[in-house]
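Only one structure is covered here, and it is reproduced in the block below.
The values are calculated or read from the model by the stated rules, or taken from the named source; none is laboratory data. Just so you know, these numbers come straight off a predicted model, no measurement behind them. Glycine also receives a Cβ, built like all others from the backbone with ideal geometry; neighbour counts cover every protein chain displayed.
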């Protein structure tokens, strides 16, 4: 039973890693770019990205539900509680990673739409 919970947590962590790997810094081609204007545009794009709603809370609830159901299926009430807690933490982290990735995409698209040549 404990092994099943470990596999469940490991799968969640691998999923989180796939989202955070994409949230690297944006690299632009600086040729012909006014860097002061770029910094201003970058700040404005980051402010626009704040419109992406945080998904951590929803992720925690979903993770707790799924974790509880899996824990109940493979064990007893105590296993279900532990799995629900693990699922909540995993869902919280995954939701935060998804939000970070989506905000990164917004910033990247915003800079692209403002005429910057994005290299990554």
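Things worth noting here:
- Of residues in the stretch 101-120 being in a helix (DSSP H, G or I) and out of contact with any helix residue (DSSP H, G or I) (no Cβ under 7 Å at 6 or more places or on another chain), the one modelled with the lowest pLDDT: 102
Per-residue answers, yes or no, for (1) modelled with pLDDT of 80 or more; (2) within 21 Å of the chain's Cα centre (by Cα):
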site: 10; (1), (2): no, yes
site: 19; (1), (2): no, yes
site: 25; (1), (2): yes, yes
site: 82; (1), (2): no, no
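- Residue tally, condition modelled with pLDDT of 65 or more, assigned to a helix (DSSP H, G or I) and either within 22 Å of the chain's Cα centre (by Cα) or under 17 Å from residue 98 (Cβ atoms) (or both), over the stretch 35-62: 10
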